[in-house]
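Scroll down for the structure; my scribbles are underneath it.
The values are calculated or read from the model by the stated rules, or taken from the named source; none is laboratory data. Not measured: the values here are computed from a predicted model. Virtual Cβ from ideal backbone geometry, glycine too; neighbours counted across all protein chains shown. Protein only, heavy atoms only, side chains kept; ligands, DNA and RNA dropped before computing areas. Shrake-Rupley method; radii C 1.70, N 1.55, O 1.52, S 1.80 Å.
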Amino acid sequence: MDALQEIDARVPYRSVIPPSSNNTEISEELNKLKANRTRIFLVHMTASLGSKLFVLAKNAEMMSEGYAWIITQGLSSLLDPMGSKVMDSMQGVLGIRPYLLPSKKLKDFERKWQRNLTSIKTRSKTTTSLNLFGLWAYDTVWALAMAVEKAGIVHSSFLKQNASNSNVDLAALGISEIGTKLHNTILTTKFQGLSGNFHLVKGQLEPSAFELFNVIGRTERIIGYWTGNRGFSLDLNDNSEEAYSTSKDKLKQPIWPGYTTDQPTKLKIGVPIRNGFEEFLKVEWHSSTDDKASISGFVIDVFHAVQDALPFPLPHEFIPYVNKHRQSNGTYDELLYQIKTQRYDAVVGDTTIVANRSLYVDFTLPYSESGVSMVVLVKADDNKNLWIFLRPLSLNLWITTSVAFIFTGLVIWVLEHRVNTEFRGPPKQQLGLILWFSFSTLAFAHRERVVNNLSRFVLILWIFLVLILTQSYTASLTSMLTVQRLQPTFVDVKEIKGKGYLVGYQRGSFVKGLLMKQLDFDESKLKPYETPEEYHEALSKGILNGGVAAIFGEIPYIKLFLAKYCSRYTMVGPTYKTDGFGFAFQKGSPLVPYMSRAILNVTQDQEKIGPIERKYFSSQTTCEDQSTTISSHSPSLGVDSFGGLFLITGITSMVSLLVYVIEYFFSHWPALSDKNIATSFWSKLVEMVKHFDQKDLSSHHFKREESRVHDVGSPDVFQPSPSIDDMQNHSRNSVEGTNDVIIHDDNGSLSSSSRHSDASTQDVPNSS
């Protein structure tokens, strides 16, 4: 038992049969083993008890095809004296025993043994036949004698001896004074005996070789040998240098109970039945009378690749989980539960690893990705929408841009109002100018000149922002108008559940439980589907015609469905995480860690998993339905896309405005204080605001404008020469002393008036 557990061989049940057991007790134990569906037995008992066991096992029909019996040396070394009835009941038994190496010394001993037996009349051949245990006993006596001589023991005395002369009581024997020395000497004694090389390891004989045999008829058929250096081999005399082998190919084909060469230790593997998504798993019968099903698909190919990566053979038999009509016999959960009831040893299929299933089976590591999501119908995005021109920019960006336009126009007006005649006039005109100027920069159609350097600085950055914004808007709008876009009908699970729409799921899968328990869907709103065609029909009907709003399924199935109907459906919403597809075994099965390591070797090697994936899923890279090109709806441009530009422009405008206001107050506040126009702070502030509405005649712009106006009287070479009458009238006016006075009105326009010389001495108003 300990040796088997060291190599991860599982022994699920240990049957203890006392040597004193009668036939009835042995039969009861055999029936119990048969009811537990046990098929492989390792028999470790004496020959007398074993002979009764196999006769009763044959009567219980446990020596037929599908069973395997392996006997250890306790039985295998004592087959010769057994009767024909016992040998007939042991057909197909596999045995292992120490190998007796033929030698001249052994042959001479056998001849001497047989010669001595001829003079002895025995009633039972069993008591006189030569066997392994007798040879070991013979070698042990020689080892003891050699140890006594080697230790130099002449006579031995005991510390206590209560044995009487007439009856020897072994329990009453005392302790030898030289016992320890003799014990150590025996352990180190080595010699070539009749049974082979005599050498004690941990107090026991360790044979150098073993032979494996089949019980066929009334003889023993040798199928191979095993040594510690070479492992399995067909010939011990083969001196070729080969690596250590554990392969059964190095042995002859065993013949098992029922006279069959099929290994009885086949793993009974349950396989689910599905009508759709046959790329994963396909089970079919070629005829109604054919008992053996043909099973193929991605799952089966992966299992075979994993099987090849195991360090040992794994014989198996696929058994479809069907009823008498060859239809699915239940859900995936019910199939996995059959492992617990020992109907199957394992389940190989597209079984998802989820928590509740792990309560009664052990899963391997996943061999495929998984997760649950939903697929919905897509609808065309109408490009002729009346308000499509608003879609390129998000609502937040529209509001931010509008505020920026107004703020920039206001800043430019403040900076230009006192020094630029184009930014003056009635209040309505000035308000319109604030809005017009900044919006006109969109098309660079503004005609108003700016004369303040701060205004120019603000305008440079603002025009750059407008340029980037308009180009981005144009590109996004062009994309919307030229590319046909399809939008999902639903993107939120809460919306579907809140409005009470029907949803679909894959029949027989755990997705139904997820929808009811985790997503809180009512069972009446759930409809099962199996094939991609059923998915397509249910979704295409729509929510108003008996269809479903969405179908929830595992991502591998959804990818296959979308590969076929990519132009009409899309996968949306969150992905509900699962651990993927895995193989299921009995709880505590030692195969699970080996299978998991083999799965990692296969899935991480593209030379192994790549061809399998391309064989079944190459269509996922192309769309079979090319009637319409799907383009996911690009989101509207948001404030985040231009946040940096808006921030730089806003800071620039604020700094320029603050610089101007500070400069204005510092230059005019002292003048108001000196003239004693007002005594309170607020009165002075009101006066400053009123003064802001007046022209700054000291500015460079107004000085240049005034000089340009005074230069109007200068001869212009491009104007026609004055007539004689005009010259006479001009002379007459000059003689009469008439003066031309230039008048600047509040609107910044120019006018002229004539005053006689007597009025020329009058003061011209400040506004002139």
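Computed over the Cα atoms of the stretch 501-630, what is the ratio Rg over Rh, Rh following Kirkwood?
Over the Cα atoms of the stretch 501-630, Rg/Rh equals 1.04.
Taking the radius of gyration and the Kirkwood hydrodynamic radius from Cα positions alone, what is the Rg/Rh ratio for the stretch 25-66, to two decimal places?
On the way: Rg = 10.0 Å, Rh = 10.7 Å.
Ratio of gyration radius to Kirkwood radius for the stretch 25-66: 0.93.
For a test of the definition: using alpha carbon positions, the gyration tensor, and the 1.5 limit on a/c, classify the stretch 47-96 as rounded, prolate or oblate. Don't skip to the answer; put the middle values down first.
Numbers: a/c = 1.90, a/b = 1.31, b/c = 1.46.
In terms of gyration-tensor shape, oblate.
Which of the residue pairs K34/K58; K564/K615; K379/K541; K150/K202 have a Cα-Cα distance greater than 18 Å in the structure shown?
The pairs that break the limit, which is 18 Å between Cα atoms, are K150/K202.
Of N323, Q338, P392, which is farthest towards the positive pole of the stretch 318-407's charge dipole, taken about the Cα centre with +1 and -1 on the beta-carbons of Lys, Arg and Asp, Glu respectively?
N323
What are the radius of gyration and Dmax of the stretch 215-270, computed over its Cα atoms and given in Å?
14.2, 45
Order these peptides, 453-461, 243-251, 145-153, by their mean beta-carbon neighbour count within 10 angstrom, highest first.
Put in order of decreasing packing, that is 453-461, 145-153, 243-251.
Once the convex hull of the C-alpha atoms of the stretch 532-587 is built, how many Å³ does it hold per residue, rounded to a whole number?
Numbers: hull volume 6.8 nm³, N = 56.
With only Cα atoms used, the stretch 532-587 gives 121 Å³ per residue.
Would you work out what percent of the accessible area of the stretch 17-77, with all protein chains in place, is carbon or sulfur (probe 1.4 Å)? Intermediate values should be presented prior to the final figure.
On the way: 1570 of 3070 Å².
On the stretch 17-77, the fraction of accessible area on carbon and sulfur atoms equals 51 percent.
Provide, for q = 0.34, 0.35 Å⁻¹, the log10 of I(q)/I(0) from a solvent-free Debye sum over equal Cα point scatterers in the stretch 257-297.
-1.13, -1.15
Is the shape of the stretch 1-95 rounded, prolate or oblate, going by the alpha carbon gyration tensor and its root eigenvalues a ≥ b ≥ c, with a/c under 1.5 for rounded and a/b larger than b/c for prolate?
rounded
Please state, rounded to one decimal and in Å, the Kirkwood hydrodynamic radius that the stretch 303-462 gives when every pair of distinct Cα atoms enters the mean of 1/r.
23.9
No solvent, one uniform scatterer per C-alpha: report log10 I(q)/I(0) for the stretch 315-393 via the Debye equation at q = 0.17, 0.21, 0.22 1/Å, two decimals.
Once normalised to I(0) and log-transformed, intensities are -0.82, -1.10, -1.15.
Any idea what diffusion coefficient the stretch 1-55 gets from Stokes-Einstein, in µm²/s, Kirkwood Rh on alpha carbon pairs, 20 °C, 1.002 mPa s? Walk me through the numbers on the way to the answer.
On the way: Rh = 12.5 Å.
Estimated diffusion coefficient is 171 µm²/s.
Would you kindly work out the equivalent ellipsoid of the stretch 426-544 from its C-alpha gyration tensor and give its semi-axes, the square roots of five times the eigenvalues, largest first in whole Å?
Here the semi-axes work out to 59, 17, 14 Å.
Please give the peptides 40-49, 343-352 ranked by average Cβ packing (other Cβ atoms within 10 Å per residue), highest first, as a rough proxy for protection.
Values: 40-49: 15.2, 343-352: 23.0.
Put in order of decreasing packing, that is 343-352, 40-49.
Principal axis extents for the stretch 557-604, Cα atoms only, whole Å, descending order, please.
On the principal axes, the stretch 557-604 reaches 47, 21, 16 Å in Cα extent.
At each listed q (0.20 Å⁻¹), what is the log10 of I(q)/I(0) that the Debye formula gives for the stretch 485-539 modelled as equal alpha-carbon point scatterers?
-0.79
Considering the Cα trace of the stretch 481-574, what is its radius of gyration and what is Dmax, both in angstroms?
Cα only, the stretch 481-574: 13.2, 45 Å (Rg, Dmax).
Could you estimate the translational diffusion coefficient of the stretch 222-335 from the Stokes-Einstein equation, with Rh from the Kirkwood formula over C-alpha pairs, at 37 °C and 0.692 mPa s, in whole µm²/s? Provide the component values of the computation, followed by the final result.
Values: Rh = 17.5 Å.
This corresponds to a translational diffusion coefficient of 187 µm²/s.
Could you work out, for the stretch 191-238, what percent of all Cα-Cα pairs fall into each 5 Å distance bin, beginning at 0 Å and stopping at the bin that holds the largest distance?
Spelled out bin by bin, the stretch 191-238 gives 5, 18, 20, 20, 20, 12, 5, 1 percent.
Using a ≥ b ≥ c from the Cα gyration tensor of the stretch 360-420 (square roots of the eigenvalues), is it rounded, prolate or oblate, where a/c under 1.5 gives rounded and otherwise the larger of a/b and b/c decides, a/b for prolate?
Oblate shape, in that a/c is at least 1.5 and b/c is the bigger or equal ratio.
Would you pull out the residues with amide H under 5 Å of L637's amide H, same chain only if 5 or more places away, H placed 1.01 Å from N?
Correct list: L393, S394.
If you count only protein heavy atoms with a 1.4 Å probe, what accessible area per residue comes out for the stretch 413-517, rounded to a whole Å²?
Value for the stretch 413-517: 51 Å² per residue.
Place the peptides 256-262, 508-514 in order of packing, highest mean first, counting for every residue the other Cβ atoms within 10 Å and averaging per peptide.
The most tightly packed comes first, giving 508-514, 256-262.
Leaving out same-chain residues fewer than 8 places away, which lysines sit with a Cα under 23 Å from that of K250?
Partners found: K266.
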